[in-house]
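For reference, the structure is listed below as structure tokens.
Every read-out reported here was derived from the displayed coordinates using simple, explicitly stated rules and does not represent laboratory data. From a predicted model like this one, the values you see are computed outputs, not experimental measurements. For neighbour counting, all protein chains shown are included, and Cβ atoms are generated from backbone atoms with ideal geometry for every residue, glycine included.
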């Protein structure tokens, strides 16, 4: 059982925690890793890009914590298991797993010949978190320390805004399924003191920016109540909160972080 906080001393601290971030080499994932490292946590970046992963870990180490890169393709269960083995060899235990790695695609469903894009997106966005949890959570349970899993979803799992002109059926389906999987695992892992939550970013500067139409930035910014895209480190800040003692009673929820986009989209 994770005990409630008794005062505000260290209530938001993640200092000394061991954190795994998939897709942590760029975009939102890098912002998440930076937020943890700046807050005193150790960070393992799991991603496919060898050079970008190494550079990302090197940058995070400047904050004085133990940060390293492990090559991993989250869509390949064997790759995830091997990466998990290396993480536990180097960390010993894991306190937080952030399933951030994700891909997108734009195109109509029936134009997807042989459903190749459908399977690619579902495999990374839904099977990827499942592979990571299946490889890492049992060892978190065995350690008996509790901990948390955070799945990076999207408001695209709750809304089909722009689907006529900017169709992304496998992306929307994968994120909606990830939200329900998050809630299911919160029930399954709860007896072990492991919390499972999701974060659903709205418009956020990331590598997925390139998939947006040229005029989207201006149109979206005008429409949103907060009138700007989020920055990756803001998603990271929410991850840090959910991993801290202050977040110890939060589980099974998908927190929208979208500048109010769902309200008007």
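So the label point goes 7 Å from the Cα of residue 191 along Cα→C-beta, right? Which residues of segment 111-155 then have their backbone N under 20 Å from it?
133-149
Please build a GNM for the chain, connecting alpha carbons under 10 Å apart, and tell me which residue among 127, 42, 100 fluctuates the most.
Most flexible of the set in this elastic network: 127.
Simple spin-label model, 7 Å along Cα-to-Cβ: residue 134 to residue 221 in nm?
4.3 nm
How high is the relative contact order of the chain? Use alpha-carbon pairs under 8 Å, at least six apart in sequence, and give a whole percent.
RCO, the chain: 23 percent.
Mean-square fluctuation check for the chain, GNM, Cα pairs under 10 Å: which of 102, 33, 247 is largest?
247
Once both labels are modelled 7 Å past Cα along the beta-carbon direction, what's the residue 207-residue 78 spacing in nm?
2.3 nm
Rounded to whole Å and ordered largest first, report the semi-axes of the equivalent ellipsoid of segment 18-256 derived from its Cα gyration tensor (root of 5λ).
Sorted largest first and rounded, they come to 28, 19, 18 Å.
Cα axis of helix 77-91 to longest principal axis of the chain: angle in degrees, 0 to 90, nearest 10?
With both axes taken from Cα atoms, the answer is about 40 degrees.
Sticking with the crude label model, points 7 Å out along Cα→Cβ, report the distance from residue 51 to residue 12 in nm, one decimal please.
Result: 3.8 nm between the two label points.
Using only Cα atoms and rounding to the nearest 10 degrees, what angle (0 to 90) does helix 50-61 make with the longest principal axis of the chain?
For helix 50-61, the angle is close to 50 degrees.
Nearest 500 deg cm²/dmol is fine: what mean residue ellipticity at 222 nm does the chain get from its DSSP H runs of n ≥ 4 alone, each adding -39,500 (n - 2.57), divided by its residue count?
-12500 deg cm²/dmol
Restricted to Cα positions, what overall size does segment 55-149 have along the principal axes? Three whole-Å values, descending.
In descending order, the Cα extents are 48, 32, 21 Å.
In the Gaussian network model of the chain, springs joining C-alpha atoms below 10 Å, which of 109, 12, 189 carries the largest mean-square fluctuation?
109
Over the alpha-carbon set of segment 5-86, divide Rg by the Kirkwood Rh and report the Rg/Rh ratio to two decimals.
Taking Rh as the inverse mean 1/r over Cα pairs, Rg/Rh reads 1.04.
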